[in-house]
Amino acid sequence: MDFTLSDEQRMIYEYGKSLVKQFDRAYWVEKARQRAFPAEMYQQAADDGFVGMMVDEKYGGAGLGMLEMALLQEGLSNEGIPLLSLIVGATMSMSLISDHGTEEQKQAYLPGACRGDIRFCFAVTEADAGTNTINVTSLTRSVKDKGRYVLNGRKTFITDAECAEYMIVVTRSTPLKEAQRKTDGFTLVLIDTKVAGIEVHPIDISIEVPEDKYTVFFDDVDVGPENIIGEVDRGFEILFESLNPERIIISAVCCGLGRYALNRAVEYANERVVFNGPIGAYQALQHPLARGKTEIEMASLMMRKAAWLFDRGEPCGSESNMAKYASSEAGIYAVDAALQCFGGNGFTKEYGIFDIYPIVRLFRTAPLNSEMVLNYIAERDLGLPRSY
Ligand SMILES: Cc1cc2nc3c(=O)[nH]c(=O)nc-3n(C[C@H](O)[C@H](O)[C@H](O)COP(=O)(O)OP(=O)(O)OC[C@H]3O[C@@H](n4cnc5c(N)ncnc54)[C@H](O)[C@@H]3O)c2cc1C
């Protein structure tokens, strides 16, 4: 693996620095407080060609890979402006359509998505299934002799379900008890969020991020072959493919936000005097900051390795999981160390340091909790028996 970035990759990584001149952290925080999608910032990123980073040039994208997408997200997060829509939208959904969509689906969705006109949300979680996706019960049933299907069920915690134009829904087309293998019988459905039979209810979550979360109800939603991504009953394999990119890009958010918090803390610690010199001279503050810096940079390397492997078509499950685990832990540690430097000011809205904490902390729990990540590493890399 080559650790040096090409000029193009460096430009992508540095893009956050130019975007922040127009849309800075204060803009993002204001949008988060209003629970309003940062539409102008997203549009600018799309206009500059970054939303379609992983989409083939034929469909309006840049034809680049996971590493470039991760560098983009890391660079934006370094400036305190994580563009969370890049996770489920540009990284997961658009790649999924690119890799498994029909020609008609690619033509219908990708150019608009690259332009920023179309956004996607991704609906996996169900209240009664939780971490165990196998237990999903939202059902796409075929309507006899009509060549069409109906979708019924309920999803929860779906980010952006109201604002996004389209939703990729992970459904079962064969109920678990009828499936030969438990991973059989899944079908991925791509539907317009505004069609008849879909109802969304906001969930009041405690984290201030611009993208709202919703419970989504499906009541006899009409689904045609044109709405199905990949093959009926074979959706699990496709879903599985999109999980490593999700882990990698979340890792990029955590590394970037951790760096942002550390940079802010260093600036503050160099200026703040309460005894006879700047508080940054105290090793009690220096060491946590130095540890945070070390852990972030190590996690970032693993994240880039995972992305690099992904782009080469090599297995990267272990590296993606390790990167996600290391980055979320490093991010949480770094933000906490930064917070301590700020004393009481860290808890004020004016300084906004505590505000960084909930989002990095989220990634210890969702989309995949750290326990499941460690389970994966224990089973796959260490060869230990499965406990659940
Ligand atoms: C802000 C936010 C945004 C989200 N956005 C989306 C979205 O856009 N789309 C979507 O589909 N979902 C989304 N989710 C849902 C998220 O993916 C789920 O919350 C997550 O998958 C965990 O499911 P659960 O909440 O039911 O936890 P549970 O499955 O009930 O697990 C609870 C806890 O039990 C522990 N645990 C569970 N299983 C094991 C095990 N085998 N071994 C050890 N420990 C275990 C873990 O600590 C876990 O945190 C979002 C959630 C949040 C909070």
**Message:** I'd like to compare 212-219, 105-112: which one has the highest average count of other Cβ atoms within 10 Å, and what's the full order after that?
**Reply:** 212-219, 105-112
**Prompt:** Normalised by the number of residues in the chain, what is the relative contact order in percent for Cα pairs under 8 Å and 6+ residues apart?
**Reply:** 15 percent
**Item:** Cα shape, the stretch 179-317, gyration tensor, a/c 1.5 rule
**Value:** oblate
**Message:** Debye calculation, C-alpha points only, no solvent: report log10 I(q)/I(0) for the stretch 7-118 at q = 0.10, 0.16 Å⁻¹, in the same order as the q values.
**Reply:** -0.27, -0.68
**Request:** Return the whole-Å distance between the Cα centroid of the stretch 74-105 and the Cα centroid of the stretch 265-301.
**Result:** 34 Å
**Virtual spin-label span in nm between Arg272 and Ile207, 7 Å along Cα→Cβ** = 2.5 nm
**Prompt:** Sorted by average packing, counted as other Cβ atoms within 10 angstrom per residue and highest first, what order do 275-288, 158-171 take?
**Reply:** 158-171, 275-288
**Asked** Assuming a viscosity of 1.567 mPa s and a temperature of 4 °C, what translational diffusion coefficient in µm² per second does Stokes-Einstein assign to the stretch 121-233, Rh being the Kirkwood radius over Cα pairs?
**Response** 91 µm²/s
**Complete:** Per the 1/(1 + (r/R0)^6) rule, R0 = 41 Å and r from the Cβ atoms of Glu314 and Lys349, FRET efficiency to 0.05 is 0.35
**Distance violations [Cα-Cα > 31 Å] among Lys31/Lys293; Lys106/Lys155; Lys177/Lys324; Lys31/Lys305** = Lys177/Lys324; Lys31/Lys305
**Request:** Using 0.36 nm per residue of separation minus the Cα-Cα distance, give me the extension gain between Asp99 and Asp2 in nm, one decimal.
**Result:** 32.3 nm
**Complete:** Env charge @ Lys21, Cβ radius under 14 Å, K,R +1 / D,E -1, value -3
**Prompt:** For the chain, what value does the Rg/Rh ratio take when both radii are computed over Cα atoms and Rh is the Kirkwood radius, given to two decimals?
**Reply:** 0.99
**Prompt:** Sorted by packing (mean other beta-carbon atoms within 10 Å per residue), highest first, where do 24-32, 241-249 land?
**Reply:** 241-249, 24-32
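No lab work stands behind these numbers, since they all come straight from the coordinates. This one's a predicted model, so the numbers in the text were calculated from it and none came from an experiment. Quick reminder, even Gly has a Cβ in these numbers, built from the backbone with ideal geometry, and neighbours come from all protein chains shown.
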